[in-house]
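The values are calculated or read from the model by the stated rules, or taken from the named source; none is laboratory data. Owing to the predicted nature of the structure, the values given are computational and were not obtained by experimental measurement. We place every Cβ from the backbone using ideal geometry, glycine too, and count neighbours over all the protein chains shown. Accessible surface areas use protein heavy atoms only, side chains included; no ligands, DNA or RNA. Shrake-Rupley method; radii C 1.70, N 1.55, O 1.52, S 1.80 Å.
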Amino acid sequence: MLPAAYPREQIVRMQNDRLSGMQRAVDENLAAARLDPSQFGQLAATNNQLKSDIARSQKLLDEFQKLPSITPAIYIRMARCFYEIDRKWEAVVVYQEIIDRFVQIPEREPALFGLIVALADVNQPKKAEDRCEQYLREFETGPNADTVGYMLGAVALQANDPRAAETYFGRFLETQPKSNFREQMRYLLGKRIHGGQA
């Protein structure tokens, strides 16, 4: 189970509900003052306090909404911790949660990369392969694109699909001739795919 902190959307919704409740109280007080003018002074003071609270709360809500969400960063940290203590399936779940819930965030790239590595480690090569392709579509020039390009062929080999691995490695060597992994790719192309004729 993921942390028990309120999601950002829920905090905003709760605060908006609170603001609506305070505004209803102001409206109800005005209606009560019309019905019983003797309470006008007391209700006016209450309404002034409520209006002040509404303005202050609205300002805080507006400032909160301008802040970036910290939830993805916390999830990244949690996934990395799970991975480091060899609870890789838990890391997969947390990384997947980030990918599913947060589309336009800076943490999406490291989450997707972490998901690929964790999937490969828990022997899910087809899922890792799909995520490699997703990574290269979304982050073609990302900081881990070179590694992911290599991993795409490596997980195809892990899935016992040498033809796909050959295609991936060949394409990557063509499009990224200066890759840090070119020698490993050439070696794997020769050794594992072509039966040891490296």
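Side notes on the structure shown:
- Thr167 - accessible surface, heavy atoms, 1.4 Å probe, Å² rounded to 10: 80 Å²
- Span per principal axis, largest first, for the Cα atoms of the chain (Å): 100, 31, 22
- Accessible carbon and sulfur surface of the chain relative to its total accessible area, %, 1.4 Å: 52 percent
- Listed by chain and number, the lysines whose alpha-carbon sits under 26 Å from that of Lys178, ignoring those within fewer than 8 places in the same chain, are Lys191.
- P(r) of the range 88-190 over all Cα-Cα pairs, binned every 5 Å from zero, in whole percent: 2, 14, 25, 23, 19, 10, 6, 1, 0
- Heavy-atom accessible area order for Leu152, Leu50, largest first, 1.4 Å probe: Leu50, Leu152
- Among Ile105, Ile116, the sequence by solvent-accessible area, most first, with a 1.4 Å probe is Ile105, Ile116.
- Degrees between helix 125-138 axis and first principal axis of the chain (Cα, 0 to 90, nearest 10): 70 degrees
- The slack in the chain from Arg171 to Ile70, taken as 0.36 nm per residue of separation less the alpha-carbon distance, amounts to 32.6 nm.
- Using heavy atoms of the protein chains and a probe of 1.4 Å, the accessible area assigned to Tyr6 is about 130 Å².
- Over the range 36-105, volume per residue of the alpha carbon convex hull, in Å³: 144 Å³
- Taking 12 Å as the straight-line reach from the Cα of Lys51, the aspartates and glutamates in range (excluding those fewer than 8 positions away in the same chain) are Asp27.
- Taking the longest Cα principal axis of the chain as reference, the axis of helix 162-175 is set at about 80 degrees.
- Across the range 41-73, the residues whose backbone nitrogen lies under 12 Å from the label position 7 Å along the beta-carbon direction of Gln15 are 56-69.
- Between 0 and 90°, nearest 10: helix 88-101 axis offset from the chain longest Cα axis: 60 degrees
- Hz values of 3J(HN,Hα) by residue in the range 50-66 - Karplus curve (6.51, -1.76, 1.60), Gly and Pro given as x: 4, 5, 5, 5, 4, 4, 5, 5, 5, 5, 5, 4, 4, 5, 4, 5, 7
- Euclidean distance between Cα centres, the range 85-107 to the range 5-34, Å: 34 Å
- Among Met78, Met14, the sequence by solvent-accessible area, most first, with a 1.4 Å probe is Met14, Met78.
- Per residue, the accessible area of the range 20-96 comes to 68 Å², computed with a 1.4 Å probe over protein heavy atoms only.
- Computed [θ] at 222 nm, helices only, for the chain once each DSSP H run of length n ≥ 4 contributes -39500 (n - 2.57): -24500 deg cm²/dmol
- From the largest down, the range 109-160 spans 28, 17, 14 angstrom on the principal axes of its Cα atoms.
- For the range 1-51, the fraction of C-alpha pairs more than 16 angstrom apart is 53%.
- Charged side chains reduced to their Cβ positions (Lys and Arg at +1, Asp and Glu at -1) give the range 49-192 a dipole of some 80 debye around its Cα centre.
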